[in-house]
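Engineer: Could you have a look at this structure, given as structure tokens, before my questions?
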Amino acid sequence: MNRDWWLVPEDRFASHTPTRVRYNEIDHQGIVFNGNYLIYADIGVTELFRALGEGTPGPFFAQYGTDIVMVNAEIDYHASARLDEMIVVAARVARFGRTSFTIHVALFRDGPDGSRERLTDMALTYAHVEQDLSKAVPLPAIFIADVRSFQPDPPEQAARN
């Protein structure tokens, strides 16, 4: 997958959700346990759909008699978040396939010099499937149009799926 879009600036994301690192999210080193970054990613996905005016992902696709399932997750860790820090979960649709799409989620925090520090980049790929999860189906054109009109930058179009 082309990952040129991984390091887009924070202002090019479609949604931004501030959140605080809680005690139950850290490990014995005092930093966020690696698996918990996917929880932050889920916050980003949910808030992206809310910002699109669609509520959460499930109800949006239910109107078409379909659903989505995550089929891949990739995480690049750049720096660790620590207990009680305020972080920003930023999300955008980065890629459309025929029957799938990828959401790019990145975490940011204020750096010591006042700049924004990037903590992680995550790519979450969802397959668009029939409600019984039996097979992948093409993405609804209205979903693609809504995303393209909402985001600062259009998602890349994959050559296949």
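The values are calculated or read from the model by the stated rules, or taken from the named source; none is laboratory data. What you are looking at is a predicted structure, and each value in this text was computed from that prediction instead of being measured. Positions of Cβ are backbone-derived with ideal geometry, glycine not excepted, and every protein chain shown enters the neighbour counts. Ligands, DNA and RNA are stripped out before the accessible areas are found, and what is left, the full protein with its side chains, is counted by its heavy atoms. Shrake-Rupley method; radii C 1.70, N 1.55, O 1.52, S 1.80 Å.
Engineer: Examine the range 145-155 for a residue that is buried (at least 19 other Cβ atoms within 10 Å of the Cβ), modelled with pLDDT of 90 or more and hydroxyl-bearing (Ser, Thr, Tyr), and state whether such a residue exists.
Structural biologist: No, there is no match, as no residue in the range 145-155 is buried (at least 19 other Cβ atoms within 10 Å of the Cβ), modelled with pLDDT of 90 or more and hydroxyl-bearing (Ser, Thr, Tyr).
Engineer: Another question, if that's okay. Give the number of residues within the range 102-159 that are over 30 Å from SER80 (Cβ atoms), in contact with a Gly (Cβ under 9 Å, 6 or more places away or on another chain) and polar (S, T, N, Q).
Structural biologist: So the answer is 2.
Engineer: When you scan the range 136-144, do you find a residue that is open to solvent by less than 10 Å² (accessible area, probe 1.4 Å), under 15 Å from the mean Cα position of the chain (by Cα) and on the phi < 0 side of the Ramachandran plot, even just one? Working first, answer last.
Structural biologist: First pass over the range 136-144, keeping only residues open to solvent by less than 10 Å² (accessible area, probe 1.4 Å): 143.
Imposing the further condition that a residue be under 15 Å from the mean Cα position of the chain (by Cα) reduces the set to none.
Checking the range 136-144: not a single residue is open to solvent by less than 10 Å² (accessible area, probe 1.4 Å), under 15 Å from the mean Cα position of the chain (by Cα) and on the phi < 0 side of the Ramachandran plot.
Engineer: Return the only residue of ALA81, ALA90 being at pLDDT 95 or above, farther than 26 Å from ASP153 by Cα, buried (at least 18 other Cβ atoms within 10 Å of the Cβ) and not β-branched (Val, Ile, Thr).
Structural biologist: ALA81
Engineer: Filtering the range 104-126 down to residues that are among the hydroxyl-bearing types (Ser, Thr, Tyr) and farther than 16 Å from ILE39 by Cβ, which residue is surrounded by the most Cβ atoms within 10 Å (Cβ to Cβ)?
Structural biologist: Of everything passing the filter in the range 104-126, TYR126 is surrounded by the most Cβ atoms within 10 Å (Cβ to Cβ).
Engineer: Inspect all residues belonging to the range 88-109 and state whether any of them is in contact (Cβ under 8 Å) with a residue 60 or more places away in the chain, farther than 18 Å from TRP6 by Cα and aromatic (Phe, Trp, Tyr).
Structural biologist: Among the residues of the range 88-109, not one is in contact (Cβ under 8 Å) with a residue 60 or more places away in the chain, farther than 18 Å from TRP6 by Cα and aromatic (Phe, Trp, Tyr), which makes the answer no.
Engineer: Same structure, new question: Can you run down the residue pairs with Cβ atoms below 7 Å, 6 or more apart or on separate chains, where the first is in the range 126-141 and closer than 14 Å to VAL93 by Cβ and the partner is polar (S, T, N, Q)?
Structural biologist: Here the result reads TYR126/SER100; HIS128/THR66; HIS128/THR99; HIS128/SER100; LEU139/THR99, each pair linking the range 126-141 to a residue that is polar (S, T, N, Q).
Engineer: Residue check, TYR40 against (1) modelled with pLDDT of 95 or more; (2) in a loop (DSSP other than H, G, I, E, B), all met but one. Which one?
Structural biologist: The failed condition is (2).
Engineer: Sort out which residues of the range 8-36 are open to solvent by 70 Å² or more (accessible area, probe 1.4 Å) and acidic (Asp, Glu), and write them in order of number.
Structural biologist: ASP11
Engineer: Run down PHE61, PHE49, PHE101 and say which single residue is closer than 15 Å to PHE13 by Cα and open to solvent by less than 10 Å² (accessible area, probe 1.4 Å). Spell out the reasoning first.
Structural biologist: Values: PHE61 fails: closer than 15 Å to PHE13 by Cα; PHE101 fails: closer than 15 Å to PHE13 by Cα.
None of the other options fit; the residue is PHE49.
Engineer: Do we find a residue being modelled with pLDDT of 95 or more and over 22 Å from ALA14 (Cβ atoms) anywhere in the range 113-125?
Structural biologist: Within the range 113-125 (the criterion being modelled with pLDDT of 95 or more and over 22 Å from ALA14 (Cβ atoms)), the answer is no, since none of the residues qualifies.
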